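Below: the structure, in structure tokens.
Only the coordinates and a few stated rules stand behind these numbers; no lab work does. Quantities reported herein were computed from a predicted structural model and do not represent experimental measurements. All Cβ positions, glycine included, derive from the backbone under ideal geometry; neighbour counts span all protein chains shown.
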Amino acid sequence: MLHYFCKPKVGIDIVEVSRFFGMSKEDSFLVKAFSEKEREYCFAYKNPVSHLAGMFAAKEAVSKALGVRTFPFITIEIFHTLDGAPYACKNNKKLPVVLSISHTKDIAVAVAIG
């Protein structure tokens, strides 16, 4: 049996993709919520809105899993390996979470386990 201090912490977030329709790469909300690298990643796709929603959900999930006071949403960056697997960083240091992002044309969801 696991002791309380050994239990993994889980964060999950779900986002409606439509929240990001009509936004440009330099939209003030996107500039505030995403790093330049994150915006570049999303806007490299033909349909950036689902990627924006997924990345937004991932940042929220990581923050929830690790603690919103220590890891506020705005300080977290989401990157992807060459294979496409997402991972989270803060101040250019990889965070101790396992992250998964999925999206449809309407909804994006992310789960982080730390």
Stretchable slack from SER35 to ARG69, in nm (0.36 nm times residue separation minus alpha-carbon distance): 10.3 nm
222 nm [θ] for the chain, helices only, -39500 (n - 2.57) per DSSP H run of 4+, per residue, to 500? -9000 deg cm²/dmol
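Take the Cβ-Cβ distance between LYS46 and ILE113 as r, set R0 to 35 Å, and report the resulting FRET efficiency rounded to the nearest 0.05. Please list the in-between numbers first.
Numbers: r = 31 Å, r/R0 = 0.88.
After rounding, the FRET efficiency stands at 0.70.
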Semi-axes of the equivalent ellipsoid for the chain, Cα gyration tensor, largest first, Å: 25, 14, 13
Output ordering of 48-54, 70-76 (per-residue mean of other Cβ within 10 Å, highest first) is 48-54, 70-76
So between CYS89 and ILE14, what do we pick up on full extension, going 0.36 nm a residue minus the alpha carbon distance? 25.0 nm
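Restricting to DSSP loop positions (anything but H, G, I, E, B) with no more than 10 other Cβ atoms inside 10 Å of their own Cβ, which trypsin sites (Lys or Arg not before Pro) remain in the stretch 40-74? Can you show the working numbers first?
Numbers: sites: LYS46, LYS59, LYS64, ARG69; in loops: LYS46, ARG69.
Those that pass, being in a loop and sparsely packed, are LYS46, ARG69.
Which chymotrypsin sites (Phe, Trp or Tyr not before Pro) in the stretch 39-70 pass both tests, a DSSP loop state and at most 14 other beta-carbon atoms within 10 Å? Walk me through the numbers before you get to the answer.
Values: sites: TYR41, PHE43, TYR45, PHE56; in loops: TYR45.
Those satisfying the criteria are TYR45.
Using Cα pairs under 8 angstrom and six or more residues apart, how large is the relative contact order of the chain, in percent?
Numbers: 206 pairs, mean separation 40.1, N = 114.
Across the chain, relative contact order equals 35 percent.
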Give me the angle, in degrees from 0 to 90, between the Cα long axis of helix 48-66 and the longest principal axis of the Cα atoms of the chain, rounded to the nearest 10. 20 degrees
Short version: ³J(HN,Hα) in whole Hz for each residue of the stretch 22-29, in order, from phi by Karplus 6.51 cos²θ - 1.76 cosθ + 1.60 (θ = phi - 60°), x for Gly and Pro, what are they? x, 8, 9, 4, 9, 4, 4, 5
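Given the pairs LYS9/LYS93; LYS9/LYS32; LYS32/LYS94; LYS46/LYS93; LYS7/LYS37; LYS9/LYS37, which are separated by over 24 angstrom at their Cα positions?
On the way: LYS9/LYS93 19 Å; LYS9/LYS32 27 Å; LYS32/LYS94 21 Å; LYS46/LYS93 29 Å; LYS7/LYS37 33 Å; LYS9/LYS37 27 Å.
Those over the limit are LYS9/LYS32; LYS46/LYS93; LYS7/LYS37; LYS9/LYS37.
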